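The values are calculated or read from the model by the stated rules, or taken from the named source; none is laboratory data. Just so you know, these numbers come straight off a predicted model, no measurement behind them. Backbone-built Cβ (ideal geometry, glycine too); neighbour counts: all protein chains shown.
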Amino acid sequence: MSRIREMQPGEYGLLDEFLYQAIHTEPGEPRPPRSVTADPALRAYVDGFGRTGDVAVCAEEGGEVVGAAWVRLMRGYGFAGDGVPELAVSVLPGHRGRGVGTALLSFLIERCSELGCPALSLSVQRSNPAARLYERLGFREVSGDDGEAVMTLPLGGRDEGARGAALRALEG
């Protein structure tokens with residue numbers, strides 16, 4: 001099982017790879033070229049990471065970082081309002097489907113709640129299986145179109161619901 005921990009500043013450079021891995025492609029479709037992450041709209045998720053409000057956690061197995069989840073205040077694809085950090089999450093292909101993403105998100109949600117974030121937001125393609133994970137953790141759609149949804153999760157002073165159940169399952 002992965003060890004979930006806060007990402008250290010010296011590891012922020014790994015977010016470039018996780019940003020690329022976070023790009024959803026349909027089964028059987030080729031991955032886009034890595035150069036796609038040079039797009040300014042995507043660079044906004046990682047460039048200069050470590051500024052005030054940025055929070056990143058990672059999953060480590062055998063000394064290797066195999067997953068990351070991070071938030072920052074920005075106007076990205078999942079923008080849901082001023083003061084609401086936008087979330088990105090990614091797990092390396094060989095480590096998917098084993099609960100690493102759930103563990104990363106649960107840890108990050110708790111950390112952001114402790115830091116006083118009012119909510120978190122994200123953008124997800126409707127065809128991405130991760131959309132069901134976000135729903136299980138309590139994210140709800142606030143806008144979108146046929147292809148993508150913007151989802152938010154209110155934090156602090158709310159019923160823990162699915163998120164609390166997910167955390168208890170990880171601890172148990």
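For the residues GLY48, GLY63, GLY28, GLY53, the requirement of being surrounded by 11 or more Cβ atoms within 10 Å (Cβ to Cβ) and out of contact with any Pro (no Cβ under 6 Å at 6 or more places or on another chain) singles out GLY53. Against the list (1) buried (at least 18 other Cβ atoms within 10 Å of the Cβ); (2) more than 21 Å from VAL142 (Cα to Cα), the condition GLU114 fails is (1).
Where in segment 29-133 are there strands (runs of 3 or more DSSP E), lying fully within it, with 1 or more residues that are at pLDDT 95 or above, touching a strand residue (DSSP E or B) at 6+ places or on another chain (Cβ under 7 Å) and of a type in the set (Phe, Trp, Tyr)?
64-72
The single condition from (1) more than 22 Å from GLN8 (Cα to Cα); (2) buried (at least 20 other Cβ atoms within 10 Å of the Cβ) that ALA68 fails is (1).
Mind checking which pairs have a first residue in segment 48-72 that is within 20 Å of LEU115 (Cα to Cα) and hydroxyl-bearing (Ser, Thr, Tyr) and a second that is at pLDDT 95 or above and in a loop (DSSP other than H, G, I, E, B), Cβ under 9 Å, 6 or more apart or different chains? Pairs found: THR52/LEU73. With respect to the stated conditions, LEU87 fails to be in contact with a helix residue (DSSP H, G or I) (Cβ under 8 Å, 6 or more places away or on another chain) and surrounded by fewer than 24 Cβ atoms within 10 Å (Cβ to Cβ).
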